[in-house]
Amino acid sequence: MRFKQANNLKENIMLNWIYAHEQMIYIVVLMVFLGIEVIGRVPSVLHTPLMSGANAIHGVVIIGAIIVMGKAEANNYIALILGFLAVVLGTLNVVGGFVVTDRMLEMFKSKKPKK
């Protein structure tokens with residue numbers, strides 16, 4: 001009986017959270033559909049330059065993760081681990097964006113004839 005009450009309590013807490021954040025959930029769902037529509041309509045020729053620029057914007061994620069890690073309590077291991085992962089993955093994304101952009105720009109440079 002206690003197990004059933006505990007489950008009901010968890011369900012009530014979760015439902016209350018969903019009701020309290022209903023508008024935010026709608027916004028996130030709409031953003032996902034909008035993002036899929038926008039990305040799906042990008043021609044393949046423009047895909048690489050747009051993605052390299054978008055990856056470079058990931059610097060904002062790195063700054064946010066550093067702020068989260070700085071404000072997290074010392075015993076909140078979940079926040080620290082997630083913040084660390086966000087910093088590492090965000091850094092990889094930024095570096096990858098710059099590498100792809102550099103390789104793309106190399107394709108457009110004029111090649112000097114060999115002597």
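Convex hull of alpha carbon positions in the chain: directionally averaged projected area 12.8 nm². Considering only 107, 68, 15, the residue lying farthest towards the positive end of the dipole of the chain is 107, judged by Cα position with unit charges set on Cβ. Against the main long axis of the alpha-carbon atoms of the chain, helix 59-71 sits at an angle near 40°. For the chain, a Gaussian network of Cα nodes joined below 10 Å ranks 31, 104, 14 by mean-square fluctuation, and the top entry is 14. Check each of the GluC sites (Glu not before Pro) in the stretch 11-115 and keep only those in coil by DSSP with at most 16 other C-beta atoms within 10 angstrom; list them in order. Loop-located and lightly packed - 73.
Rounded to the nearest 20 debye, the dipole magnitude of the chain is 680 debye, with +1 charges on Lys and Arg beta carbons, -1 on Asp and Glu beta carbons, and the Cα centre as origin.
Relative to the first principal axis of the alpha-carbon coordinates of the chain, what is the inclination of helix 22-40, with its axis defined by its Cα atoms, in degrees from 0 to 90 and to the nearest 10? It works out to around 20 degrees. Which value at 222 nm does the chain reach when only helices count, each DSSP H run of 4 or more adding -39,500 (n - 2.57), with the total divided by all residues and rounded to the nearest 500 deg cm²/dmol? Rounded to the nearest 500, the figure is -28500 deg cm²/dmol.
Fewest-first ordering of 21, 58 by other beta carbons within 10 Å of each residue's beta carbon gives 21, 58.
Values quoted throughout were computed directly from the atomic coordinates according to the rules given, and no laboratory measurement underlies them. Since this is a predicted model, take the numbers as computed values, not measurements. Don't worry about glycine lacking a Cβ; one is built from the backbone with ideal geometry, like all the others, and counts go over all protein chains shown.
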